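The structure under discussion appears below in the form of structure tokens.
The values are calculated or read from the model by the stated rules, or taken from the named source; none is laboratory data. The structure presented is a predicted model; accordingly, all values stated were derived computationally and were not measured. Methodologically, a virtual Cβ is constructed for each residue, glycine included, from the backbone with ideal geometry; neighbour enumeration extends over all protein chains shown. In case anyone asks, the SASA skips ligands and DNA or RNA and just uses the protein heavy atoms, side chains included. Shrake-Rupley method; radii C 1.70, N 1.55, O 1.52, S 1.80 Å.
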Amino acid sequence: MTDAIRAEGLVKRFKNETALAGVDLTARTGAVLGVLGPNGSGKTTMVRILSTLLLPDEGRATVGGYDVVTEPHQVRRQIGLTGQYASVDEELTGTQNLVLIARLFGFSRPGARARAAELLERFALTEAAGRAARTYSGGMRRRLDLAASLVGRPNLLYLDEPTTGLDPHSRNEMWDVVRGLLDDGVTVLLTTQYLEEADQLADDIVVLDRGKVISQGSPDQLKARAGTQVLQVQPADPGRLTEVITIVEAVSGAEGRSTDTTANAAVTDRAVLPEVVRRLDDQGIALAELTLRKPSLDEVFLALTGHPADDVPGGRDTAPATLERTTH
Amino acid sequence: MNAATTTERPTAPAPESGPNTAVRITPAATVQHGALLTWRSLLKIKRNPEEILGLTFMPIMFAGLFVFVFGNSMSDGGWQSYRDFIIPGIAAQSVIFATVGTGVTLNTDIEKGIFDRFRALPVARSAPLIGAILGDMVRYVLTVAMVLIVGFAIGFRPESGLVGLVAATAVVMLFAFGLCWLSAFMGLLLRTPMAVNIFGSIWMFPLTFASSTFVNPENMPSWMSAFATVNPVTHVVDTMRGLLLGGPVAEPLLWTAGWTLVLTAIFFPLATRAYRKRA
């Protein structure tokens, strides 16, 4: 079976930055490809190229076997686009938004109304169907956006940061909706800044950094490379931090990092926790804090690239404070 | 018997047609997509209270204020005489100001990603632009109609009747068509809707005031009068006056057409190029 997306050597330069510096990428038909990366890593630029909104400077890409540069119309017939930069019309009602898109897809008038009603029902928007989209909550708007991208029954769906800016409850709702789509056999390309989101939804993950693919594989492979958990130890006496780091490194087998007060190390095996406690106790080091948590995207990036996931100034993505993922 | 051979050609379209299967966009499809996006643009008039206010309140206020505040001082014939002089001017001024909205709306739609949504659909590349411009042309007509209705309400009864009204509307629409490409170009060039609004509006004051809209340019200082004489707005307003109230039409109409051609020739290509680049 052919791959849903094949991209080779995509390069895109803007005035004073290189958004994509040679990206190769393959999305298997019927699978979810997660593209993980911080702000300014080139995720949105890539989606815009793959959805024919932007021409690449170099490289080529096919979607459903069609070239995005030379056969954009055929590509557009295959895809649905949703995300931060492809929005619904806030002045129109939910129904009007969907009917308009259905009509543009060539549905008859009654056909368009039926398709709109069907999608509004599916995304629990029937009650809000007659209201202007501007009155919708963040979660409702994303659902309408998603419904809009499904009007033409796409084979391939681009979800560009579908949950950025949503509260945890709406995010969970959105995840359920996306999982529901997968049952329909749609191929999905999902971009996200959240490791957990990629982990939850994607079959394959590509990690983008500064316009380059720096890692790819299954979520498990990626986590094995980056460590599934982060052990964080803060001694009561900051003067003993060096000893703590030595112990943490010895037990975890990973390189320790430290701030002024705490030692951190990536760990893959939960069993290290009692071992660390035992050794600290042996040394008589009193603790202020001891936690085992999921790594932040920052830490995954550090593990994969050796540098933090920095926010590229002037990047197109501007959502603030999303790199720090809350730990559970 | 084979079912396929006996099945009659369906006369009615299928109740639910699927996504279009055309391999490329035909001119007919472009027209249809443009019409659908014009419909979208017009739906927003009903939904947006600011727009309804802009379309109705502004003409009422302008016509009312200018006629009753300045009327008696401006004309020996009293406010009634000034009313007849100024209603065509107010109509032109309102439409000219309304063209700023074209750029603002384009900019807003692009910034919000609405055009991206349309452009990722299998529709003609130009359809969103066509929809925006045609939708605004309807707004311009509504603006003119509103001013004329207000004028009618305060006693404006042009001699030329309906024919004159239609002809005068057609003239100002012709000019607005040329001018809207300038506004569209600014809307596509500048970053934010706010900037479009400011840079789009500032010229509108000298353009509409330093013209024959409110007073006869002969009464202005010579340098200002010189500007007012070549100002396209003067030609538009003079043509409308000619058509509504009687007076020379051919010469100002020729100037109006010339200005429209010049504006379109410069800004239509610039706007469409900026559109292809940005949207």
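Quick notes
- Phi angles of region A:18-28 translate, via the Karplus equation with coefficients 6.51, -1.76, 1.60 and θ = phi - 60°, into HN-Hα couplings of 9, 6, 10, 10, x, 9, 9, 7, 9, 10, 6 Hz per residue; Gly and Pro are given as x.
- Whether region A:163-259 is rounded, prolate or oblate, judged on the alpha carbon gyration tensor where a/c under 1.5 counts as rounded: prolate
- Portion, in percent, of the accessible area of the protein assembly as shown that falls on carbon or sulfur, probe 1.4 Å: 59
- Other-chain or far-sequence residues with amide H under 5 Å of A:Phe14's (modelled H): A:Ala19
- Buried solvent-accessible surface, both chains (A, B), 1.4 Å probe, Å² to nearest 100: 3300
- Sparse-neighbourhood loop sites, chymotrypsin sites (Phe, Trp or Tyr not before Pro) in region B:185-279 - DSSP loop, at most 14 other Cβ within 10 angstrom: B:Trp203
- Debye intensity ratio I(q)/I(0), log10, region A:1-157, q values 0.11, 0.13, 0.15 Å⁻¹ (C-alpha model): -0.49, -0.67, -0.85
- Region B:162-204: translational diffusion in µm²/s, Stokes-Einstein, Kirkwood Rh over Cα pairs, 37 °C, 0.692 mPa s: 281
- Look at the stretch A:104-116: the mean tally of other chain Cβ atoms within 10 Å of its residues' Cβ atoms is 5.
- Solvent exposure of the protein assembly as shown, expressed per residue, is 45 Å² of accessible area, with all protein chains present and a 1.4 angstrom probe.
- In plain terms, the C-alpha convex hull of the protein assembly as shown casts an average shadow of 38.1 nm² when viewed from every direction.
- Note: chain A, Cα convex hull, 145 Å³ per residue.
- Region B:88-134: Rg to Rh, with Rh as the Kirkwood radius over Cα pairs: 1.14
- Total charge dipole magnitude, region A:1-150, about the Cα centre, Cβ charges on Lys, Arg, Asp, Glu only, Debye to nearest 20: 320
- Spherically averaged projected area of the convex hull of Cα atoms, chain B: 19.1 nm².
- For region B:101-196, the spread of Cα positions along each principal axis, largest first, Å: 51, 29, 20
- The ellipsoid that matches the Cα gyration tensor of region A:75-201 has semi-axes, each √(5λ) in whole angstrom, of 22, 17, 12, with the longest given first.
- Percent breakdown of C-alpha pair distances by 5 Å bin, ordered from the shortest bin, for region A:229-293: 4, 21, 37, 26, 10, 1
- Quarter the surface of the alpha carbon convex hull of region A:16-75 and you get the mean projected area, 4.5 square nanometres.
- Region B:33-157 - Debye-derived log10 I(q)/I(0), Cα point model, q = 0.10, 0.16, 0.20, 0.21 Å⁻¹: -0.40, -0.77, -1.02, -1.09
- Once exposed loop GluC sites (Glu not before Pro) are cut out (DSSP; at most 15 other Cβ, 10 Å), longest piece of chain B: B:17-158
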